[in-house]
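To start, the structure under review is shown below, and the notes come after it.
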Amino acid sequence: MPSIKQLKKDINNEIGDLIEDIYLWELSNPTADLSKSEKLIDEAILAFDDLIQQINAVSGDGVKGQFKKIQEAKAKVITDLLKKSAKL
C-alpha cells in the first residue's frame, strides 16, 4: 500500500494534469463554448476535494480496505473525467 502522502500526491498530480489539459484546450479553442470546459474543471475540483476528504476520514480497523476503495474511486473518477474531456 502506498503511503497516504503519496496517494494525495498522485490524486493532486492526476487531477492537476487533467485541469491543465482543459485549460490548454480552452486556449487553443477560443471560439468554442467554454461553459462545458469550465463545468468540467469545477467537477474535477469537487472530485479532488471529495477524494482528499475520504483519505482524511480513514480510521479504525480495515484501513487497507478503506484505502483500496479510495484508490478504486480515484481510478473511476479519473477515467470518467478523461472521457468527458475527450468529448470537448
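Quick notes on this structure:
- P(r), alpha carbons of the stretch 4-86 - 10 Å bins starting at zero, rounded %: 17, 46, 24, 11, 3, 0
- Annotation for the chain: GluC sites (Glu not before Pro) lying in DSSP loop with at most 10 further Cβ atoms inside 10 Å of their Cβ do not exist.
- Paramagnetic label zone (point 7 Å from Cα along Cα-to-C-beta, Leu24; backbone N under 14 Å) in the stretch 69-88: 86
- Tilt relative to the chain, helix 63-86 - C-alpha long axis, 0 to 90 degrees, to 10: 10 degrees
- Virtual spin-label span in nm between Asp50 and Val63, 7 Å along Cα→Cβ: 2.6 nm
- Among Pro30, Gln53, Gly16 - extreme Cα towards positive end, dipole of the stretch 4-86, charges at beta-carbon: Gln53
- Rounded to the nearest 10 degrees, the angle from helix 34-56 to the longest Cα principal axis of the chain is 10 degrees.
- Between helix 4-28 and the chain: long-axis angle, C-alpha atoms, 0 to 90°, nearest 10: 10 degrees
- Sequence-distant aspartates and glutamates (8 or more away, or on other chains) whose Cα lies within less than 13 Å of Lys64: Glu72
- Subset of Lys8/Lys69; Lys9/Lys68; Lys36/Lys84; Lys8/Lys74; Lys39/Lys68 violating a 18 Å alpha-carbon distance limit: Lys39/Lys68
Any read-out appearing in this document is the output of simple, stated calculations on the displayed coordinates, not a laboratory observation. Keep in mind that this is a model prediction, so the values were computed, not measured. Note that each Cβ is placed from the backbone with ideal geometry, even for glycine, and that neighbours are counted across all protein chains shown.
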